[in-house]
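Read through the structure below, which is laid out as structure tokens, and then see the notes.
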Amino acid sequence: MVLFGLSLPERPKLSCRDFPASDRRRGPSHRTRVMDLFLQLLFTGVGIGAVYALVALGFVLIFRATNVVNFAQGEFSMVAAYLMVVFAVDLQWPYWLSFLCALGGMALLGVIFNLGVYYPLRHRSFLPVIIATIGASILMANSVLAIYGPQPQVLEGWFETPGIQLGPVYLDSQYLLIIAVTMVLVVFNYWFFEKTMLGKKLQATSQDKEMASLLGISVSSMIMITFIYSAVLGGLAGILVAPVLFVSIQMGSTIALKAFAATIIGGFGDVAGAIVGGLALGIIETFGAAYISVPYKDGFAFLVLILFLVFRPQGLFGERVAEKA
Amino acid sequence: MKLTRREFAAGLAVGITAPYVIGSAARAQGATIKIGMCVPVTGPAAEQGLWAQNGAKLALAAVNKAGGVLGKQVELVIEDDQTTNPGIVLAFSKLAAQSDIVGFLGSIRSTQVHAMAPDVLKLGKPVMIGGTDPNLTHMGNQWLFRFRPNDSYSGRVIADYGVKTLGKKKWAIVHSTDAFGTAGGKALASALETLGSPAVLDQGYANQSQDFTPVVLAVKQSGADVLGTYFTFENDLGIFARQLRQLGVTIPWVGSPSVVAVSSTKLAGPALFGTFGVADYAEDSSDASKAFGKAYRDAYKTAPDNQSAWPYDAITVLSAAINKAGSTEPAKIREAILALKKFPGAEGEYNFDQNGDGLHGYNVVKNEKGTIVYDKHIDFND
Amino acid sequence: MSAPSDNMPATVAVSREKPMLLRHLPYFIGAAILVALAATVQVDGYVHNILMQATTFAIAVFGLSVVLGLCGQINLAQAAFFGIGAYVVGIGTSDYHISYWLCLAGGCIVALLAGAVLGASTLRLGGHYLAMVTISFQQIVTLVMINAIWLTHGPDGVSNIGRPDLFLSAQAYLAFCVAMLALVGYAVWHLADTRLGRAMRAVRDNELAAGVVGVDVFRTKIYAFALSAVLGGLAGGLFAGGFAYVSPDQFSFAESVVYLTMSLLGGVSSPIGSAIGTGLLILIPEWLRFLKSVPGLYLAIYGLSVILIIRYMPDGIWGFVSAAIDRLRGKAKAPPAASALKLMPATVGGDIVLEVTGLSKYFGGLKAVDGVDIQVRRGGVHALIGPNGSGKTTTLNVLSGLYKATSGKILLDGTDITELPPHLRTAAGLGRTFQNIRLFRSMTALENVEIGAERPGNTLISGGDAALTERAMEALTFVGLGSRANELISSFSYGHQRLIEIARALAANPTLLLLDEPAAGLNSTEKQELHELLKRIAAQGLTILIIDHDMTLVSEAAQHITVLNFGRRIADGESMAVLRHPDVVSAYLGTE
């Protein structure tokens, strides 16, 4: 197939004769086989989309509170995964203990990040902050490299069984866990932000810092809490995804870029948008790879992103905020 | 693991400085013969660079023990190429400026060799390389000598083994879209054409993909009964291998060297049991490789792989060639290298052809439940 | 404003009178010496390669100093433009054997087009979104470089890249590159003082105000991106010829970050800063090769330095140094004296300067302005008042084009300006000031006013920088601040900043001047002075539409008042009558 003059790998034309004899004996029809392909891709797309959604959530929270895009969000995931390796694999601590310690470490990292990167620059325009977060991501990635070395590490998943075969579709158990956790988090976030006092205070701070402080809310504490929460969320995403993607220095940055695209697609200020955007991106990417071109898989994400930015920058759910003249 | 690495690093530090100490003592007496080495000390391939240095230094010690070159001790001058193209150009030009360096070790990454090639041509001194892009020895540069079989051979060996030894004719090729993967995929595809079993699937993928479901499904749909692969990164290989097994694909698999590399075996675990790989270095393939394996283990307490084997051979061959030529003149060294026949090395038996390729075949090894076992060696005469 | 040409962006700085060239002679002499040195001094291959790299990277970073430093737009795709230039030269000379010069020009053109397209994306985006678009663009370019093997040779890269016959030797080629660097550096250096440069700085400092003052913001941003891209492409083409081999991994997002860091380290706004930053970031790693023994350590320190630079030296090394030099040099020099300001507002239409019919602005369900009619008579002062939230400022914003009207029509001197963007309304004769002062903070008072004077269609300036400065001086003197023209905005008090804003609007010779709460924040003396100023302005025949809360000022200065409440007009007429109108009174004071 030739698309834009580019020769894409040939998709074999599906026909019953193309399928292995063993399957043919079982006798599924051509249409069912195409359906099987579709369902498997759908599961994978939703699974990887849930990963993007989790990381995107972290982005959105920090953005809403501080109007800053944190280019180091992916590194939070990476650091947490390495912490898990240190605790669970090197030191051989029980999984649950390692998990809690890793998240604790992420909370600490969130504090340090806030104090070191965001807080000193909080009155400056967004550009210095973006660049500072880029610097922080380089610092974090290479510090881990310096301490741990470049080889990827293995982290075992939560479950003993690697997966379930549901009819024609294989469900990787870690992906199932990721999807489940994402759903729980969506509910949790909704409850937290809408129904608890702390959540409402955080919302108030993100909408109008001055007003919030006039009402007696400590803005700096709220921001600190936001960074801690975001770091922990990012860390959670990293720990969940590590068993499938392996623990490596680069694991954070590719996911983060896609997650950022997801937040734009979903609408930048919106939590629901992050989730929907992440899932949508995972699905588009997976199907694009399967039906159009595998090597350009990443390209689809960016193309969709650009289309959204050009035609609908507020994303699916976001509100455009106009500058007061 | 942190602690072990630190000890390892400390031990290596001693290992690294020792030759310099010895070297400077030798210098105090009289001149040494200098060999330059461009190696990644920093950058993504830093760890492999360390192993390459290990291999080179092991050979250096052996050469010096046996009397050195032209009666003098040999010294290694190392420059960091940062694993980047501009990096290796800078590193090489820094070394090239030292006129007393008689020969060089270049990179195992073909794109880096391409980058430094113009400067090598200009300098006109022999450079030993490990990169496997076949073009490197076919672009009219007479100063590049290759110490690993190039990718045209790996493709042919994979094809040969799969078709003739395993008896499988319907091939699915999965390859990375980077330099290595694309060239390898091409080589395998054309080798299969020659053998009359053209591939039923030629699937590229971009490095650092997080998910290989579409690729696995394509393999499944293609009805192939054997899989040939060129993977660059172990993460990708690990994820692919797992997903391949999860989705029920059990066909035999013959892959490029990364498939049997230590890190891949560790990451993918059981998913890679039973796979075949072509490996330029296989410890049990010959007496020379066994000897190298033992010496490396004694010195560095860990198993070697191709990253350390080819520099070992490069130093050994270069030293032998200079001794044979009786001079450090580049043209004479080149003549001597090309004249070498059946020279035993850790990577195999060297027979240099006019293009500078020393090896013309690969070992085939199998992952037997986690241990890499040598199967056979396949060589080509052209 | 003419678009920059292929590979010599110097054309934007074209109109140079003789004395200027002579004044800058030292620069050219210095540059000539450098080129001669490069051509003659023998250096070993290593130093040569470093110089080549530094020279070409510096040109790319100059590009960043234009788009980011001068225009304030983030561009994280500079490596993509660099790569485009490199690949066009590479493929052109190596595969198709086309002359190097043609390829270089081609590379610049392709990069220019790509940059313009990227700039066009700024139409609706800024800030983080723009950053994301540039990153996406960068990633897509890298992906194409790697995967479109039929075009780019894919990951193998392109070798045997040619060079111009004139500069075949390494020495000569380096000298050529240094010469290009010097030329480009000169052009970029003086870009800041050209009309386009001022427009870019205005956009950087205050985009909203820039539009209102007459700058075509969108077009300026496109030019900025295009210029940055051309410089990137030029640098890439030179790089390709210098190193004879290019491959996709040299033009990735990581490289864009490197260029950005070089720019920031040296100082983002000036080419001198770019040169310093590039030099340091290429030389330091070489000096610190020993630090590289631990993988990742060097880059970790690099990342840390980025954070520290941003935090403690936001203007980079050069910014730091030049600020210190300025402090040492002391107070700004006194500006030339100026003659009296002439205001000649157009008298094209009839009695009514501004005719607003049925103007509405709805924000979703909120009717901020609902069917408002206003007629402003020529000459004199017309006030628009109303309690808080009545829609006054919204009306003003719709009038000046910052908001799009939901319905209604606006006629300025007979011209329908309802659909026009802000800068075109200014061209049609509208001027305005802002409630929260929007001056261009990085510039002096004079420069601020000069930008105002530059508005397209200003018939009172004859052309050329001297006339511009004179007009600006006249305006500043008119408001009483002529003696402090060369001081930075930050050294003026709030009240004086307001006067400068008024001067900026006056310098454009508008037909109608919109003043948005000019008395806000002024003490009683300042208010008196403001009143006097308004009288003097009105005396020259310029019509003023003023919004304010200060009833004394309004009643004394305005002849005609329109009153809004809840978005609707509740009274309109002669001042005294309106102020006594029962509806107006109850709107302000409430009913019993």
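Computed from the coordinates by the stated procedures, all read-outs in this text should not be read as laboratory data. Every value quoted in this text rests on a predicted model; they were computed, and no experiment measured them. Neighbour counts run over all protein chains shown; Cβ positions are idealised from the backbone, glycine included.
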Fill in: Subset of A:K201/A:K258; C:K221/C:K367; B:K65/B:K290; B:K65/B:K301 violating a 24 Å alpha-carbon distance limit
A:K201/A:K258; C:K221/C:K367
Worksheet item: Within 10 Å of each Cβ of C:41-50, how many other protein chain Cβ atoms are there on average?
Response: 5
Discussion item. With only alpha-carbon pairs counted, each pair once and no self-pairs, how large is the Kirkwood hydrodynamic radius of region C:89-150 in angstroms?
Written reply: 13.4
Worksheet item: To the nearest whole number, what is the average tally of beta carbon atoms from other chains within 10 Å of the beta carbons of peptide B:194-205?
Response: 2
Discussion item. From Cα pairs below 8 angstrom and at least 6 apart in sequence, can you work out the relative contact order of region B:243-343, rounded to a whole percent?
Written reply: 16
Practice prompt. Using label points projected 7 Å from each Cα along Cα→Cβ, tell me how many nm separate C:A539 and C:V41, to one decimal.
Written response: 6.5
Item to complete: Binning at 20 Å from 0, report for the protein assembly as shown what percent of all alpha-carbon pair distances ends up in each bin.
Response: 10, 34, 34, 16, 6, 0
Worksheet item: In region C:434-474, which trypsin sites (Lys or Arg not before Pro) fall in coil by DSSP and have 15 or fewer other Cβ atoms within 10 Å?
Response: C:R441
Worksheet entry | Sparse-neighbour loop sites [trypsin sites (Lys or Arg not before Pro); region B:257-309; at most 15 other C-beta within 10 Å; DSSP] | B:K301
Item to complete: Going by C-beta contacts inside 10 Å, put C:D351, A:D208, C:D548, C:D156 in order with the fewest on the left.
Response: C:D351, A:D208, C:D156, C:D548
Worksheet, complete the sentence: In order over region C:183-189: 3J(HN,Hα) from phi, Karplus 6.51/-1.76/1.60, θ = phi - 60°, whole Hz, x for each Gly or Pro, gives 5, 4, x, 4, 4, 5, 4
Worksheet item: Label-point separation (nm) for A:V184 and C:R568, each offset 7 Å from Cα along Cα-to-Cβ?
Response: 5.7
Discussion item. Run the reach check for B:K169 against lysines, Cα to Cα strictly under 24 Å, same-chain hits fewer than 8 apart removed. What comes back?
Written reply: A:K13, B:K186, B:K220, B:K366, B:K376
Item to complete: Any chance you could list the semi-axes, whole Å, largest first, of the equivalent ellipsoid that the Cα gyration tensor gives for chain B, using √(5λ)?
Response: 36, 22, 19
Practice prompt. Starting from 0 in steps of 10 Å, tell me what percent of the Cα-Cα pairs of region A:245-304 lands in each bin.
Written response: 24, 47, 27, 1
Worksheet, complete the sentence: What helix-only [θ] at 222 nm does chain A give? Using -39500 (n - 2.57) per DSSP H run of at least 4, over all residues, to the nearest 500, the answer is -22500 deg cm²/dmol
Worksheet item: Which distance in Å, rounded to a whole number, links the C-alpha centroids of region C:159-184 and region C:63-114?
Response: 16
Item to complete: Could you work out how far the C-alpha centroid of region B:328-361 sits from that of region C:370-387, in angstrom?
Response: 94
Practice prompt. Please state, as a whole number in µm²/s, the translational diffusion coefficient that the Stokes-Einstein equation yields for chain C at 37 °C and 0.692 mPa s, with Rh defined as the Kirkwood radius across alpha carbon pairs.
Written response: 124
Worksheet entry | A:W96-C:T459 FRET efficiency (beta carbon distance; Förster radius 51 Å; 0.05 resolution) | 0.05
Worksheet item: Over the C-alpha atoms of chain A, what are the Rg and the largest Cα-to-Cα span, Dmax, in Å?
Response: 21.5, 74
Worksheet item: What aspartates and glutamates could a cross-link reach from C:K527, if we take a straight Cα to Cα line under 20 Å and drop same-chain neighbours fewer than 8 places away?
Response: C:E501, C:D516, C:E517, C:D548, C:D550, C:E556
Response to the item:
For chain A, whose charge dipole is built from +1 on Lys and Arg Cβ atoms and -1 on Asp and Glu Cβ atoms, the candidate among A:P120, A:L54, A:P162 with its Cα farthest towards the positive end is A:L54
Fill in: Value of [θ]222 nm, deg cm²/dmol, for chain B, DSSP H segments ≥ 4, -39500 (n - 2.57) each, nearest 500
-15000 deg cm²/dmol
Discussion item. Helix-only estimate, please: 222 nm mean residue ellipticity of chain C, summing -39500 (n - 2.57) across DSSP H runs of length 4 or more and dividing by its residues, to the nearest 500.
Written reply: -17500 deg cm²/dmol
Worksheet item: Got a sec? How would C:C103, A:C101, B:C38 order by Cβ neighbour count within 10 Å, fewest to most?
Response: A:C101, C:C103, B:C38
Item to complete: With a cut-off of at most 11 other beta carbons within 10 Å, and DSSP calling the residue loop, which trypsin sites (Lys or Arg not before Pro) in region C:513-558 qualify? Please list them.
Response: none
Item to complete: Rounded to the nearest Å, what's the spacing between the alpha carbon centres of region C:471-544 and region B:235-303? Just the number, please.
Response: 79
Discussion item. Rounded to the nearest 5, what % of DSSP beta bridges with both residues in the protein assembly as shown are antiparallel?
Written reply: 50
